[in-house]
Amino acid sequence: MRSGAVASRSATVAAAQRSIALGSKSFAAASRLFDRETRERAWLLYAWCRACDDIADGQDHGGDLTRVTDPQARLAEITAKTETALAGKVVGDPPFDALRIVAAETNMPHRFARDLIAGFALDAEDWRPRSEGDLYRYCYHVAGVVGCMMAVVMGVSPDDDATLDRACDLGMAFQLANIARDIEEDDRGGRCYLPVEWLVEMDFPPGQHMKPPFRKRLAVLSRRLADRAAAFEESARHGAPVLPFRSAWAVLSAAAIYGAIGQKVAERGEHAWDHRVTTSTGEKVRFILRGLAEARTRAVRYPPTERPATLWQRPR
């Protein structure tokens, strides 16, 4: 499509559907549980997030992380196209026009999109977390805020901070599980999201955390990440009762699928990075069926509670 051309909404949705099918089998499976309107909007949002990630990391729908030589130029491209989309103007690039459509249809707060881009800016600066708080701040910018955006897609008011907090918690859980799973891949790409304070605590020589002699120590940290992810996931589940049934079903299914990834990493210990951890098709089906039962009884299973004060709080 030529730059500036206006694709139909249906064509943009179709392109977004292809993107999620290529980029994430887990999200693609969960998204099919939404009603049609929510499902299409979820695909549109995913397409933009996926495109930003691919531009920033030099990838094509995920895959192995590469070392890019022009991170600031890539960040500038993401920023410019996103701002054009948020202004309601045609970008001529399907994933960014997907953002234009979904932002307009849902009254998506523009600050959420900018918060996500701030996460890409951290990576462009070769930023590393020093503390656990730094790690959570990064997780918010690359995933927690996506949880907030997805909540808006599902019909949650942008002013409903309590529900957005729970949605953010689910994004945080996903990202912590991803970090645990992808430690080896990130290391090959020149990145490390384990806080410096944790590495010092475990007495890793600088840059050596993936070396075979230190795998047992690394397994301690992957278990810590999985435990932190589980705490955020449990909090997130208490946001399900306010969602429509099909949205709650999708959210609870996705929570189980990604929760299993974090737990598998922890259970495999020092062998967690021998092969990429995934969930099988059969496991996804089981989690979706379990999510169905949980969605039907969500008001009883996840009654209103105060969000744990010990959990990191997203910026307002």
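Entry note, the chain: the mean residue ellipticity at 222 nm calculated from DSSP H runs of n ≥ 4, each adding -39500 (n - 2.57), is -21000 deg cm²/dmol after division by the residues and rounding to the nearest 500.
The lysines whose alpha-carbon is closer than 24 Å to the alpha-carbon of LYS81, local same-chain residues fewer than 8 away aside, are LYS89. If the viscosity is 0.890 mPa s and the temperature 25 °C, what Stokes-Einstein diffusion coefficient in µm²/s follows for the chain when Rh is the Kirkwood radius over Cα pairs? Translational diffusion coefficient: 123 µm²/s. Its Cα gyration tensor gives region 65-108 an equivalent ellipsoid, and the semi-axes of that ellipsoid, as √(5λ) in whole Å with the largest first, are 24, 10, 9. Find which of TRP198, THR279, SER247 sits farthest along the positive direction of the dipole of region 178-316, computed with +1 on the beta-carbon of Lys and Arg, -1 on that of Asp and Glu, about the Cα centre. Of TRP198, THR279, SER247, it is SER247. Rounded to the nearest 20, the Cβ-based charge dipole of region 8-128 about its Cα centre (Lys and Arg +1, Asp and Glu -1) stands at 440 debye.
Accessible surface of region 84-217, 1.4 Å probe: 49 percent of it comes from carbon and sulfur atoms.
Please report, ordered by residue number, every helix of the chain (full DSSP H runs) that is 15 Å or longer along its axis going by C-alpha atoms and whose mean Kyte-Doolittle hydropathy reaches -1.0. Taking the DSSP H segments of the chain (at least 15 Å long, mean hydropathy at least -1.0), we get 9-23, 36-57, 71-86, 94-106, 110-124, 161-181, 215-237, 245-268, 281-296. Rounded to two decimals, the Cα radius of gyration of region 1-147 over 2.2 N^0.38 Å is 1.03. Summary value for the chain: 18 percent relative contact order, contacts being C-alpha pairs under 8 angstrom separated by 6+ residues. HIS271 exposes around 110 Å² of accessible area when a 1.4 Å probe is run over every protein chain in place.
Out of every Cα-Cα pair that region 194-240 contains, those further apart than 17 angstrom amount to 42 percent. Under the rule a/c < 1.5 gives rounded, and otherwise a/b versus b/c splits prolate from oblate, where does region 253-316 land using the Cα gyration tensor? Judged from the Cα gyration tensor, region 253-316 comes out oblate (a/c at least 1.5, b/c at or above a/b).
The values are calculated or read from the model by the stated rules, or taken from the named source; none is laboratory data. In this text, all values refer to a predicted model and were calculated from it rather than measured experimentally. Cβ atoms come from the backbone with ideal geometry, glycine included; neighbour counts cover every protein chain shown. The accessibility values were calculated without ligands, DNA or RNA, using every heavy atom of the protein model including side chains. Shrake-Rupley method; radii C 1.70, N 1.55, O 1.52, S 1.80 Å.
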